[in-house]
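Take a look at the structure below.
The values are calculated or read from the model by the stated rules, or taken from the named source; none is laboratory data. The structure displayed is predicted, hence computed values, not measured ones. Cβ: placed from backbone, ideal geometry, glycine included. Neighbour counts: every protein chain shown. Heads up: the accessible areas ignore ligands, DNA and RNA and are worked out on the full protein's heavy atoms, side chains in. Shrake-Rupley method; radii C 1.70, N 1.55, O 1.52, S 1.80 Å.
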Amino acid sequence: MKKTKFPFEIWWKNAGEEEIQAAFAFSDDYLRFLNDCKTEREVADFTEAQLKEQGFQSLDELLAHRPAGAFCSLKPGDKVYKVVHGKAVLAAVIGASPAQEGFNIIASHIDSPRLDFKQTPLYEDINLALAKTHYYGGIKKYQWVTIPLAIHGTVILKDGRKVKIHLGDKEGDPCFVITDLLPHLAHEQMAKKANELVTGEGLNVLLGSLPLAPEEEKGREKAEAQSAEEEAKNKYGADPVKANLLKLLEETYGVAEEDLVSAEMEVVPAMAAKDVGFDRSLVGGYGQDDRVCSYAALQAFLEIPERPERTSMIYFSDKEEVGSQGNTGAQSAALSNFIAELCAATSENYNDLLTRRCFTNSALISADVAAAVDPNYKEAQDHLNANYIGKGIVIEKFTGARGKSGGNDANPEFMAVLRRIFDEEKIAWQNGELGKVDLGGGGTVAAYMANLGMQVIDCGTPVLSMHSPYEIAGKGDIYNTYRAYKAFLINYR
């Protein structure tokens, strides 16, 4: 067994040429994923498509077609999945061991900090059309002004039809922007604290400036022209620039202003994810918290053996950035219900106690990113217990704030097993925590899973500029994250 060098070394120093090429190739595919999937709905759609390609079947469809009064019978090697309200995904490969002996699970979240349209967002001011937003998750608001933005929206019409609006990312698309005050007039603004420079109510997205002009036909009577103008005002309102925007929405998407009440319109950075650095050893892009871990987990999951020893699972949840509440968040019953369905579908004499034993005997990696030491802000970290770009996946025994509040503190027995598995597979790993004590802190989904009785630990990729519109991760760390998750799913007993 390879012994991990302690203190931990930079992975690149000891990696062979074949490993380095594999890391770069893995990140090429990851870059495409980041550019295609900027919202939780898009990640869920991508994941479902990948699962279907690999022969996974919808658990809901299997249950719907089972004979009346019969359990859905699943056997080792069967592959099933479930999508929850289009924003969370669970999938499993049934193992040879009985369900009550536990599952191997990787849980990640697929939402990221962003700006959401308010339910009544559109307005006009000083001949400009804008949208009111409400920021989602922990952001530095000043980072979101004067950068190109895209709108990724899902509108549900009253008849149930779903309309997708995706504008700002593709070549030839217009983008959107939040304006800022010029430095010549910003003396008072610059005297404010950073968290007051831009207010939440000031994050208004610029949408256009062209007023609606009534169509004029040659020889048209004045009375007809006036009537057409009055009709447009009645339909789109008296504000001419907003009216033109509403007309464009109606003509392009079939969406009226009222329809935005039942919509999720997410404003995300329009910048493309790209290689970073002369050596291309880093990945820059929006949403790497936590799509770097969810992507690595998905690819690892799709490569496990056809018939694993223990049932293997992935769980991609929503709403982590706002506390994991709601029926698509990790505090919901989604995970426990899915596991109960699997226990029932693989056991002849199912009862609730069997599911509870499954929880107790299961092991779960909370796959979430870790804060890497930034050379520009080294004072925020305890360097004996910090995470570094280039040293591999991070094992964080605990998270939380100050006195570990709100976090999970993993059992050392579980941490020892992971150390052994990672060392046997020659995976680069490091251990650390989120900054200096009393400086701040944060949590993940780990505590909610641990409350079910599982062995749980946080384990993910170190990143720079976390929660910013453009986060940075190292290609070596991304690759070792994928390898670590695969090793855990296959080898944990």
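Within the stretch 274-285, take every residue that is in contact (Cβ under 8 Å) with a residue 40 or more places away in the chain and either crowded, with 24+ Cβ neighbours inside 10 Å or among the charged types (D, E, K, R) (or both) and give me the one that is nearest to Ile110 (Cα to Cα).
The extreme case among them is Gly285.
Return a yes/no flag: does the stretch 358-365 have any residue that is at pLDDT below 95, touching a strand residue (DSSP E or B) at 6+ places or on another chain (Cβ under 9 Å) and either of a type in the set (Gly, Ala, Ser) or part of a strand (DSSP E or B) (or both).
No, there is no match, as no residue in the stretch 358-365 is at pLDDT below 95, touching a strand residue (DSSP E or B) at 6+ places or on another chain (Cβ under 9 Å) and either of a type in the set (Gly, Ala, Ser) or part of a strand (DSSP E or B) (or both).
Can you tell me which residue within the stretch 146-170, out of those that are charged (D, E, K, R) and more than 24 Å from the chain's Cα centre (by Cα), is surrounded by the fewest Cβ atoms within 10 Å (Cβ to Cβ)?
This residue is Asp159.
Taking the stretch 419-460 as the search range and keeping residues that are hydrophobic (A, V, I, L, M, F, W, C) and under 30 Å from Ile20 (Cβ atoms), which one is modelled with the lowest pLDDT?
So, considering only residues that are hydrophobic (A, V, I, L, M, F, W, C) and under 30 Å from Ile20 (Cβ atoms), the one modelled with the lowest pLDDT is Leu434.
Within the stretch 463-493, count every residue that is in a strand (DSSP E or B), touching an Asp or Glu at 6+ places or on another chain (Cβ under 6 Å) and either among the small types (Gly, Ala, Ser) or within 12 Å of Val394 (Cα to Cα) (or both).
1
Looking at the stretch 59-86 only, could you name the residues that are within 22 Å of the chain's Cα centre (by Cα), open to solvent by 20 Å² or more (accessible area, probe 1.4 Å) and without any contact (Cβ under 8 Å) to a residue 40 or more places away in the chain?
Hit for the stretch 59-86 is Val83, nothing else.
Cβ-Cβ distance below 9 Å, separation of 6 or more or different chains: which pairs start in the stretch 321-341 with a residue that is assigned to a strand (DSSP E or B) and end on one that is of a type outside the set (Gly, Ala, Ser)?
Gly329/His109; Gly329/Asp111; Gly329/Asp318; Gly329/Lys319; Gly329/Glu320; Gly329/Val322; Gly329/Val445; Gly329/Tyr448
Yes or no, residue by residue, for (1) modelled with pLDDT under 75; (2) exposed (fewer than 13 other Cβ atoms within 10 Å of the Cβ); (3) assigned to a loop (DSSP other than H, G, I, E, B); (4) under 29 Å from the mean Cα position of the chain (by Cα):
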{"position": "Leu206", "(1), (2), (3), (4)": "no, no, no, yes"}
{"position": "Pro214", "(1), (2), (3), (4)": "yes, no, yes, no"}
{"position": "Leu245", "(1), (2), (3), (4)": "no, no, no, no"}
{"position": "Leu248", "(1), (2), (3), (4)": "no, no, no, no"}
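Mind checking which pairs have a first residue in the stretch 435-453 that is in a loop (DSSP other than H, G, I, E, B) and a second that is of a type in the set (A, V, I, L, M), Cβ under 7 Å, 6 or more apart or different chains?
From residues that are in a loop (DSSP other than H, G, I, E, B), the pairs are Gly435/Ala371; Gly435/Ala380; Lys436/Ala380; Leu439/Ala380; Gly440/Ala401; Val445/Ala107; Val445/Ala330.
Could you list, ordered by first residue, the pairs with Cβ atoms under 7 Å in which the first is in the stretch 1-15 and at pLDDT 90 or above and the second is open to solvent by 100 Å² or more (accessible area, probe 1.4 Å), at least 6 apart or interchain?
No pair meets every condition.
Can you list residue pairs whose Cβ atoms sit under 7 Å apart, with the first residue in the stretch 181-197 being closer than 14 Å to Gln143 by Cα and in contact (Cβ under 8 Å) with a residue 40 or more places away in the chain and the second being open to solvent by less than 100 Å² (accessible area, probe 1.4 Å) and of a type outside the set (Phe, Trp, Tyr)? Count only pairs 6 or more apart in sequence or on different chains.
Here the result reads Leu197/Gln189, each pair linking the stretch 181-197 to a residue that is open to solvent by less than 100 Å² (accessible area, probe 1.4 Å) and of a type outside the set (Phe, Trp, Tyr).
Within the stretch 390-420, which residues are crowded, with 18+ Cβ neighbours inside 10 Å, more than 21 Å from Ser324 (Cβ to Cβ) and touching a Ser or Thr at 6+ places or on another chain (Cβ under 9 Å)?
The answer is Gly390, Gly392, Ile393.
Being open to solvent by less than 70 Å² (accessible area, probe 1.4 Å), within 25 Å of Met265 (Cα to Cα) and at pLDDT 95 or above narrows it down to one of Phe56, Phe46, so name that one.
That would be Phe46, the only listed residue that is open to solvent by less than 70 Å² (accessible area, probe 1.4 Å), within 25 Å of Met265 (Cα to Cα) and at pLDDT 95 or above.
Assess whether Asp374 counts as being under 25 Å from the mean Cα position of the chain (by Cα) and either surrounded by fewer than 16 Cβ atoms within 10 Å (Cβ to Cβ) or at negative phi (or both). Before you say what the answer is, go through the steps one by one.
Values: under 25 Å from the mean Cα position of the chain (by Cα): yes; either surrounded by fewer than 16 Cβ atoms within 10 Å (Cβ to Cβ) or at negative phi (or both): yes.
Yes: the conditions hold for Asp374.
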